[in-house]
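Heads up, the thing below is written out as structure tokens.
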Amino acid sequence: MNRPARSTPTPPHPTTASVVTAADCGLLLIRLTFGLLMAAHGAQKVFGLFGGQGLTATGKGFEALGYHPGKVFAVIGGLSELLGGLGLALGLLTPLAAAALIGVMINAMATVTGAHGLWETDGGVEYSVCIAVVALAIAAIGPGRLAADRFLPWGAGGWKEAAFALGLGGVAAAITLSL
């Protein structure tokens with residue numbers, strides 16, 4: 001059977017479509033929910049908001065995990081979650097925001113949850129893996145049409161953006177763990 005050629009070409013990426021799609025709105029929903037929750041999690045550490053312990057208590061916890069000085073690493077970890085979460089929520093500097101969250105989650109898995117297996121109910125890595133994978137997936141997919149990065153070179157996502165996020169997050173985690 002010979003079919004006639006399509007008269008309208010398929011857009012190469014959802015960000016080039018002229019109408020906001022359900023996929024655009026779905027990606028925005030993921031970014032907002034995930035990003036704002038991660039930002040709030042960071043605000044708990046740094047500012048003591050949302051029932052968090054604040055910087056002094058979080059710093060003591062980091063000291064107990066072997067991070068010295070604990071308060072400095074609490075600031076780094078908390079700001080990585082806060083700014084990485086806000087970046088993903090806004091779709092702003094998406095690969096960098098994803099890298100910040102990936103790096104923090106690698107550290108969490110290496111120092112806190114890794115020894116407890118997979119499941120969160122046992123204190124395992126389940127939650128940290130999910131956070132890192134969602135951040136990496138958003139870097140790979142791109143933040144979508146409803147994002148600040150929409151018109152920037154990395155706004156469509158791709159292999160380079162995903163590799164950047166994973167690579168930078170991994171290198172930052174390795175440096176932090178080696179200190």
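The values are calculated or read from the model by the stated rules, or taken from the named source; none is laboratory data. What you see is a predicted model; the values in this text were computed from it and never measured. Every residue, glycine as well, gets a Cβ built from its backbone with ideal geometry; the counts of neighbours run over all protein chains shown. These area figures cover heavy atoms from the full protein model, side chains too; ligands, DNA and RNA do not enter into them. Shrake-Rupley method; radii C 1.70, N 1.55, O 1.52, S 1.80 Å.
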Please go through region 132-172 and pick out each residue that is crowded, with 22+ Cβ neighbours inside 10 Å and either without any contact (Cβ under 8 Å) to a residue 40 or more places away in the chain or within 30 Å of Pro69 (Cβ to Cβ) (or both). Ala132, Ala135, Leu136, Ala165, Gly169
Please pick out the residue among Ala148, Ala97, Ala110, Ala89 that is closer than 18 Å to Gly61 by Cα and touching a Leu at 6+ places or on another chain (Cβ under 6 Å). Ala110
Here are Ala115, Ala89, Ala74: which of them is assigned to a helix (DSSP H, G or I) and closer than 21 Å to Ile141 by Cβ? Ala89
I'm checking my understanding of the structure. Among residues of region 120-131 that are open to solvent by 60 Å² or more (accessible area, probe 1.4 Å) and of a type in the set (Ser, Thr, Tyr), which one is nearest to the chain's Cα centre (by Cα)? Tyr127
Note down all Cβ pairs under 6 Å where the first residue falls in region 22-51 and is on the phi > 0 side of the Ramachandran plot, the second is open to solvent by less than 70 Å² (accessible area, probe 1.4 Å), and they're at least six residues apart or on different chains. Gly48/Gly54; Phe50/Ala40; Phe50/Gln44
